[in-house]
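The block underneath contains the structure these notes are about, expressed in structure tokens.
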Amino acid sequence: MYRVWNFVTNYSLLLIFGALIALVWANVDPHSYHHMVDYPLWFNDLVGTDASKWLAAYGEDFHIDSIGDTTKVLSFHYLVNDVLMAFFFAIAAKEVWEAVILQNGSLRGKKAATPLVATLGGMLGPITVYLGLALFLGSDTFNAVHRGWAIPTATDIAFSYLVGRIVFGAGHPAVRFLLLLAIADDAAGLIILAIFYPSGDLAPQMLLISLAAAVIVFLLFNWLPRRLDRHNEVRPNSTWVREKLSFWPYLVAGCISWWAFQESGLHPALGLLPIVPTLPHADRAFGIFSEAEQYLTDLLNHAEHLLKHPVEVILFFFGLLNAGVEFNSIGAPTWLVLAGLLIGKPVGIFLFGYIAAYPLKLGLPKGMRSVDLVVVGCVAAIGFTVSLFVASVAFPGGPVQDAAKMGALFSFAAAIVSIIAGKIARVEKQTG
């Protein structure tokens, strides 16, 4: 339990603290809160949101009516959501990459087949419920909220895993099933963000710069040293690169890739994803919540360890800048997001998991019952972090976005639902 709680305290408690401050601040003094969120840090031509759009939306509030011929504004919100959150998504990508590429990766082989199929259900179920209810509420509501269909597809890996252990016990096979599902959900979420939520006009040719940065840094600082060290167990070239250059070439490549993503129109918070696979990695992984994971010294894990504390602070500011919604903003998007999570997730995961286990004969882990799929679905309905992020990019700032964010925040109710579902399903806790 130590490693799980340590992970949650590292990556989630500061996020919650920031979100709580934001909620109180936005409901006590909304004007000063939004003034802080959209504060302009730098008018420039390199990094930031479109200057003319920012000026039209916020210029009057800041008593700015002209910014010359600059094209971009680096606001506080852009700095956190579009620049710094790239490190958070890099850590998520690292876990997904290891799960897929390593020989003992958790998303490889037959053991991952049923969770992967269940993950598909855990995404299609919420989408169906969200869009179906939006259609039922009328065309006006549907047109206003349809872009938020991906918000309820997310699963907060840290809190879901923690609640899963509370409901099932550390040794229950459903906990590992839940973790595989959550990792696969993260992977799908990154793809959805990249494809369906561009941050501007698309210029896909700019991605060639990102690809070039990834290929060059891999060849020069990963593949070439290992090639030169063939048949030499001392590995002098790889050791020199590791000790003298460390992560710096990859950070430079990451900056180039991030800029290329910004210019391509894809969300720049995903800009480090092409660089993550280029870092030298261990031959095996112990799993995101394994105590042994902290002792791996390969460059990929070393970079993750270095990012640990900065990402804690980044998540605090992410919560502070994104969770500040007024309670009177609760509306149709709030209930649509909640319905997608609390109804669509459990139903989708159960149906697809059942089909995979029985008609497709992929089976369930030994000791896991069919009814446990419903409970796993309830636990996976905790969206929070990624749901909040998707809500911030799915809608422009305003009542619809605020209402959708409230649904993401309320998804913590899934923890209570999960505990009740576990009692009804008579889940027998298994200690590990």
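General observations
- Of the numbered criteria (1) in contact with a helix residue (DSSP H, G or I) (Cβ under 6 Å, 6 or more places away or on another chain); (2) not in a helix (DSSP H, G or I), the one Ala356 fails is (2).
- Being in contact (Cβ under 8 Å) with a residue 24 or more places away in the chain, of a type in the set (Asp, Glu) and either in contact with a helix residue (DSSP H, G or I) (Cβ under 6 Å, 6 or more places away or on another chain) or in a helix (DSSP H, G or I) (or both) is a property that Asp201 lacks.
- Considering residues of the stretch 230-275 that are assigned to a loop (DSSP other than H, G, I, E, B) and of a type in the set (Val, Ile, Thr) only, the residue surrounded by the most Cβ atoms within 10 Å (Cβ to Cβ): Ile275
- Within the stretch 181-198, tally of residues that are part of a loop (DSSP other than H, G, I, E, B) and either of a type in the set (Phe, Trp, Tyr) or on the phi > 0 side of the Ramachandran plot (or both): 1
- Counting the residues of the stretch 379-432 that are assigned to a loop (DSSP other than H, G, I, E, B), of a type in the set (Val, Ile, Thr) and within 17 Å of the chain's Cα centre (by Cα) gives 1.
- Check on Glu326, charged (D, E, K, R) and modelled with pLDDT under 85: no
- Boolean, Phe286 is at pLDDT below 90, of a type in the set (A, V, I, L, M, F, W, C) and over 24 Å from Leu84 (Cβ atoms): yes
- Residues that are over 31 Å from the mean Cα position of the chain (by Cα), closer than 26 Å to Ala323 by Cβ and without any contact (Cβ under 8 Å) to a residue 24 or more places away in the chain within the stretch 51-66 comprise Gly59, Glu60, listed in sequence order.
- Inter-residue pairs, beta-carbon under 7 Å, first over 15 Å from Leu360 (Cβ atoms) and of a type in the set (A, V, I, L, M) and in the stretch 105-117, second part of a loop (DSSP other than H, G, I, E, B) and modelled with pLDDT under 70, 6+ apart: none
- The stretch 33-50 residues that are over 23 Å from Ala19 (Cβ atoms), paired with ones that are of a type in the set (S, T, N, Q) and assigned to a helix (DSSP H, G or I) (beta carbon under 8 Å, 6 or more apart): Val47/Gln262
- The criterion of being in a loop (DSSP other than H, G, I, E, B), modelled with pLDDT of 90 or more and under 30 Å from Tyr250 (Cα atoms) does not hold for Val80.
- Residue check, Ala158 farther than 19 Å from Leu351 by Cβ and touching a His at 6+ places or on another chain (Cβ under 7 Å): no
- Residues that are without any contact (Cβ under 8 Å) to a residue 40 or more places away in the chain and either at positive phi or crowded, with 24+ Cβ neighbours inside 10 Å (or both), drawn from the stretch 365-414: Gly398
- Residues that are in contact with a strand residue (DSSP E or B) (Cβ under 6 Å, 6 or more places away or on another chain) and among the basic types (Lys, Arg) number at least 3 in none of the helices (runs of 4 or more DSSP H) confined to the stretch 11-77.
- In the stretch 149-165, the condition of being in contact with a Lys or Arg (Cβ under 8 Å, 6 or more places away or on another chain) and either without any contact (Cβ under 8 Å) to a residue 12 or more places away in the chain or surrounded by fewer than 18 Cβ atoms within 10 Å (Cβ to Cβ) (or both) is met by no residue.
- Residue among Val129, Val117, Val145 that is among the β-branched types (Val, Ile, Thr), assigned to a helix (DSSP H, G or I) and over 22 Å from Trp335 (Cβ atoms): Val117
- Subset tally (residues that are touching an Asp or Glu at 6+ places or on another chain (Cβ under 7 Å) and buried (at least 23 other Cβ atoms within 10 Å of the Cβ)) for the stretch 317-350: 1
- Restricted to the stretch 166-180, and to residues there that are under 23 Å from the mean Cα position of the chain (by Cα) and either at pLDDT 85 or above or outside any helix (DSSP H, G or I) (or both), the residue that is surrounded by the fewest Cβ atoms within 10 Å (Cβ to Cβ) is Ile166.
The values are calculated or read from the model by the stated rules, or taken from the named source; none is laboratory data. Note that the structure is a prediction, hence the values are computed from the model and not measured. FYI the Cβ positions are ideal-geometry reconstructions off the backbone, even for glycines, and counts take in every protein chain you see.
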